[in-house]
Amino acid sequence: MSNSQLPDPAELPELGDLPTPDPDSLKEAFSSARLSPRSEPRIRYQPVRELGTGLSPPLTDPITLTIDANERILVLDRPKPNTFRICRFSPTGDAEGGITMIERGDEDEQLLEPVGLAVDRQFRMYVPDAAAGTVSQFSQDGRWLETFRSAGHEQTPFDCPRDVDLDEDGNLYIADAYNNRVLKLQPDGELIWALERFANPLEGEEEDELFEPSSVCIGSDGVLFVADTNQNRVLGFDSNHKLVWLLHQENLFHFPSEVRLSRDGTAIFVADQGQLRVQRFDRQGQRTGMIVLGRSSDGAVAIGGDIDIDSSGHVVMVDPLRHVVVILRCVEARPI
């Protein structure tokens, strides 16, 4: 894609007031929050390192990544068709711990289209597979351990699970896209609760209804952030799965594909594949930064894929077109 096709942040339209859900369902009110891209501070990010070219073989088809409790960067890569591996890098980006091949196992347990990756405190890996309709668990050395296939009402099978996150107790949060729901499971796969309120586009939308959510991220305070992709918004639910946060405005998102939190929980990052950018917001809904994707002349990513945030605030991002992972650091704040 040429640079001429990329959105110029200076030409973005003005954005008005954020809509506020029913105050009775909120812990905090954001009625005064504004998104004004010409006046708010913009945090600039600069690429500082690329990962993957020094491997043997180098990254071939990096799909997704995550950062574990030891700050290691884990990248799920497809070196050849139907073969998957985990490549580990130190927090500074050095190859570390070798390459782990994902065990193929029996035919029923093979990965078809893995789209996400999460790691618990025992370094077990969880991989949602959109095509197989599963979330598989692997040991840190790549051995298959278990596969979750269904949950909720009448054990409804997963249908295109696209993301998984874990809390400090090892509970799983799954964005089950085509079932229009988000699930919370115990580590053994037993259902704790399900958000199964479908937003029918023909009947209008309620603020807490979902339409093909594609990403979830749980904060240390128990607030679960959901990228409600087909409604172009990000929602936050408390531990009682009640709506407490809403970010939704015309032209703000176009199919947001991923939501992630900074390690201290104060910043929310939203990857937007439709507009080729990653936006950063504070917990009051103010946009505080943006990474415009597609620019490669200065070493920036050619196009962005999955992201995660390390403890230093670096944005770690898959660049699927150039087959690398890029670490970007915040260098300054300046007006947009």
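In the set E71, E14, E50, only one residue is of a type in the set (D, E, K, R) and modelled with pLDDT under 90; that residue is E14. S296 fulfils the conditions (1) modelled with pLDDT of 85 or more; (2) more than 15 Å from the chain's Cα centre (by Cα); (3) polar (S, T, N, Q) except for a single criterion, (1).
Taken over the stretch 166-195, the criterion of being part of a strand (DSSP E or B), hydrophobic (A, V, I, L, M, F, W, C) and crowded, with 16+ Cβ neighbours inside 10 Å is satisfied by L166, L172, I174, A175, V182, L183, L185, A194, L195. Taking (1) more than 21 Å from the chain's Cα centre (by Cα); (2) modelled with pLDDT of 95 or more; (3) of a type in the set (V, I, T) in turn, T156 satisfies each apart from (2).
Among the candidates T288, T266, the residue that is of a type in the set (S, T, Y) and either under 25 Å from E212 (Cβ atoms) or at pLDDT below 95 (or both) is uniquely T288.
Can you pull out every residue in the stretch 256-278 that is in contact with a strand residue (DSSP E or B) (Cβ under 6 Å, 6 or more places away or on another chain) and either free of Cβ contacts under 8 Å to residues at least 12 places away in the same chain or part of a loop (DSSP other than H, G, I, E, B) (or both)?
Filtering the stretch 256-278 down to residues in contact with a strand residue (DSSP E or B) (Cβ under 6 Å, 6 or more places away or on another chain) leaves 256-262, 267-273, 277-278.
Within the stretch 256-278, S262, Q273 meet the criteria.
Restricting attention to the stretch 202-211, and to residues there that are at negative phi and more than 19 Å from the chain's Cα centre (by Cα), which single residue is modelled with the highest pLDDT?
Residues of the stretch 202-211 that are at negative phi, as a first pass: 202-203, 205-211.
From what's left, more than 19 Å from the chain's Cα centre (by Cα): 202-203, 205-209.
Details: L202: 55, E203: 65, E205: 58, E206: 69, E207: 77, D208: 77, E209: 89.
Once the filter is applied, the top-ranked residue is E209.
For residues that are surrounded by fewer than 20 Cβ atoms within 10 Å (Cβ to Cβ) and under 14 Å from F123 (Cα atoms), tally how many sit in the stretch 57-83. Matching residues across the stretch 57-83 total 5.
Inspect the stretch 27-43 for any residue being part of a strand (DSSP E or B), modelled with pLDDT of 50 or more and not polar (S, T, N, Q) and give the result as yes or no. Checked against the condition, which is being part of a strand (DSSP E or B), modelled with pLDDT of 50 or more and not polar (S, T, N, Q), the stretch 27-43 yields at least one hit.
Residue-by-condition table, conditions (1) surrounded by 18 or more Cβ atoms within 10 Å (Cβ to Cβ); (2) touching a residue at least 60 places away in the same chain (Cβ under 8 Å); (3) basic (K, R):
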{"position": "R85", "(1), (2), (3)": "yes, no, yes"}
{"position": "R88", "(1), (2), (3)": "yes, no, yes"}
{"position": "G98", "(1), (2), (3)": "no, no, no"}
{"position": "E109", "(1), (2), (3)": "no, no, no"}
{"position": "D120", "(1), (2), (3)": "yes, yes, no"}
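When each of S214, S150 is tested for being more than 19 Å from D77 (Cβ to Cβ) and modelled with pLDDT of 95 or more, the lone residue that passes is S214.
The single condition from (1) assigned to a helix (DSSP H, G or I); (2) touching a residue at least 60 places away in the same chain (Cβ under 8 Å) that D163 fails is (1). Restricted to the stretch 217-248, and to residues there that are part of a loop (DSSP other than H, G, I, E, B) and closer than 17 Å to A271 by Cβ, the residue that is modelled with the lowest pLDDT is H248.
The values are calculated or read from the model by the stated rules, or taken from the named source; none is laboratory data. What you are looking at is a predicted structure, and each value in this text was computed from that prediction instead of being measured. Note: ideal-geometry Cβ built from the backbone for every residue, glycine included; neighbour counts use all protein chains shown.
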